[in-house]
Amino acid sequence: MSEAPVRASEAPVRATRFGDLDVPSKKALIRRPSPRLAEGLVTHVEREKVDVELALEQWEAYAEALRTHGWETVEVDPADDCPDSVFVEDTVVMYRNVALIARSGAESRRDETLGVEEAVARLGCSVNWIWEPGTLDGGDVLKIGDTIYVGRGGRTNAAGVQQVRAAFEPLGARVVAVPVSKVLHLKSAVTALPDGTVIGHIPKVDRPSLFPRFLSVPEEAGSHVVLLGGPHVLMSAAAPKSAELLADLGLEPVVVDIGEFEKLEGCVTCLSVRLRELYA
């Protein structure tokens with residue numbers, strides 16, 4: 001029996017018009033998987049064997065899906081000694097033209113930021129950093145317009161949330177702290193549709209009532225979408241029921257197989273950093 005959608009607060013707006021949802025800048029940072037990928041960290045799942053060659057094929061197909069939908073991929077220098085480095089989203093948070101370099105709560109991941117700093121600087125971004133004692137993983141940050149939700153949990157601490165607020169609120173952002181205890185990152189639990197509706201799989205979301213519009217999806221992997229522009233949303237092949245639900249709302253799911261990365265708690269958002277507001 002399929003799970004019925006659960007809505008918190010107000011119902012999501014049916015997606016019917018998408019012309020206003022395209023973005024002025026469509027660059028995406030990506031990073032080739034490390035040959036040590038199978039050694040990547042796991043925290044909320046049992047370790048499974050990772051096929052590194054298959055993972056590379058899946059990564060290449062993911063990058064091609066971005067390019068097919070108008071995104072220019074910018075490949076960050078590989079970090080072969082860092083098993084988790086393919087999850088490039090965790091290294092930096094973008095708001096407008098400002099790049100905030102993360103400082104992971106997992107000390108073994110902190111060297112991953114080195115090539116990313118160079119990449120965003122080459123693109124003309126203003127670069128800032130999270131400083132000790134703050135910790136932040138980019139996967140804990142969900143932006144919806146000028147509202148920035150920051151997951152407070154295993155990888156991001158209170159000082160990290162405060163530093164996100166200090167970096168972005170003077171630019172017009174509103175930063176909202178969100179508890180995260182059931183998954184690795186905030187965006188392991190929730191992401192947002194083009195109309196701002198937050199989606200998530202209820203058993204993995206700590207406080208769905210914190211979001212003005214919330215839509216429950218029937219699969220954990222269905223919680224993760226990347227907005228490609230217009231009605232197109234990139235999502236995992238592991239969530240066919242969720243893809244059907246989003247299609248019923250007028251969206252057009254673009255499905256990719258990222259199964260090897262999901263074994264390491266990765267999802268479609270983790271594998272790129274979308275830069276939507278770079279200055280021309």
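What the table shows:
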| item | result |
| --- | --- |
| Cut-off under 5 Å, modelled amide H: who pairs with Val254 long-range | Val233, Leu234, Met235 |
| Greater than 29 Å apart at Cα, pairs in Lys26/Lys182; Lys27/Lys263; Lys49/Lys143 | Lys26/Lys182; Lys49/Lys143 |
| Theoretical gain in end-to-end length, Glu48 to Ser25 [0.36 nm per residue, Cα-Cα removed] | 4.5 nm |
| Net length gained if the chain between Leu171 and Arg110 were fully extended (0.36 nm per residue, minus Cα distance) | 19.3 nm |
| Placed amide H near Val127: partners under 5 Å, 5+ positions off or other chain | Ala99 |
| Extension gain, Arg67 back to Ala158 (0.36 nm per residue minus Cα-Cα distance, nm) | 29.1 nm |
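Laboratory data are not the source of any read-out in this text; all were calculated from the coordinates shown. The structure displayed is predicted, hence computed values, not measured ones.
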